[in-house]
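The values are calculated or read from the model by the stated rules, or taken from the named source; none is laboratory data. Only a predicted model underlies this, so the values are computations on that prediction, with no experimental measurement involved. Glycine gets a Cβ as well: all are built from the backbone with ideal geometry, and neighbour counts include every protein chain shown.
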Amino acid sequence: MEKLIGLLEEETSLYGYIVSVLQQEKKAIVASELEALNETAKKKESLLLKIRILDEERTKILEKLGGFLGYPSNDMTLRKISQLVEKPHSIRLNNCYSNLLALTQTIQDLNRGNKALIVHSLEIVRDSLSILTNLLPSNPLYYQTGEIKMAEQSGKILSGRI
């Protein structure tokens, strides 16, 4: 039981780091710092790999625990285990459950916010490109007579160079 609780506490700690990285990611998005954004992506990847490894260990422990308690491992939720074990383990399991639940909600909220910021930034870039594209004349038309006709500009431009 101690090993399971230890794994859950370690997972909780890693999820806490993910919250921190997502907050850094938000700052990088707002400041348009590509290097910082790439660093946060690498940190998230590393943390998620560690969490995946812990999940595999936890699954193995739950299979053993389920066999010991007489329940299938896929029915072994933190709530169920905390009801089946005695104090102080049940209290620690409930704390892990509450902490993990709060952290996953925070992570979902931060991810939604970061996604909205990125989508908004993309819209700004697309709109800017559209404006710039409309300011420049389109390709000239060549007639059989050799005459060249330039399309009219749809806006004013200060300099033809970009």
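Annotation: residue 17 fulfils all but one of (1) hydroxyl-bearing (Ser, Thr, Tyr); (2) in contact (Cβ under 8 Å) with a residue 60 or more places away in the chain; (3) surrounded by 14 or more Cβ atoms within 10 Å (Cβ to Cβ); the unmet one is (2). Residues that are charged (D, E, K, R) and touching a Pro at 6+ places or on another chain (Cβ under 9 Å) number at least 3 in none of the helices (runs of 4 or more DSSP H) confined to the stretch 1-96. Mind checking which residues of the stretch 83-108 are loosely packed, with under 12 Cβ neighbours inside 10 Å and within 24 Å of residue 20 (Cβ to Cβ)? Result: 101, 105, 108.
The set of residues from the stretch 33-72 being under 24 Å from residue 14 (Cα atoms), among the hydroxyl-bearing types (Ser, Thr, Tyr) and surrounded by 15 or more Cβ atoms within 10 Å (Cβ to Cβ) comprises just one member, 40.
Does the stretch 22-37 contain any residue that is free of Cβ contacts under 8 Å to residues at least 60 places away in the same chain and within 13 Å of the chain's Cα centre (by Cα)? Within the stretch 22-37 (the criterion being free of Cβ contacts under 8 Å to residues at least 60 places away in the same chain and within 13 Å of the chain's Cα centre (by Cα)), the answer is yes, since at least one residue qualifies. Restricting attention to the stretch 101-159, and to residues there that are of a type in the set (Ser, Thr, Tyr) and assigned to a loop (DSSP other than H, G, I, E, B), which single residue is modelled with the lowest pLDDT? Result: 154.
The residues of the stretch 74-132 that are closer than 17 Å to residue 61 by Cβ, in contact (Cβ under 8 Å) with a residue 12 or more places away in the chain and not β-branched (Val, Ile, Thr), listed by number, are 76, 78, 79, 82, 84, 89, 92, 93, 96, 97, 100. Checked against the criteria, residue 78 does not count as modelled with pLDDT under 90, surrounded by 14 or more Cβ atoms within 10 Å (Cβ to Cβ) and more than 28 Å from the chain's Cα centre (by Cα).
So that you can scan it fast, the table gives a plain yes or no per residue for (1) small (Gly, Ala, Ser); (2) within 21 Å of residue 106 (Cβ to Cβ):
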position: 23; (1), (2): no, yes
position: 27; (1), (2): no, yes
position: 36; (1), (2): yes, yes
position: 53; (1), (2): no, no
position: 68; (1), (2): no, no
position: 72; (1), (2): no, no
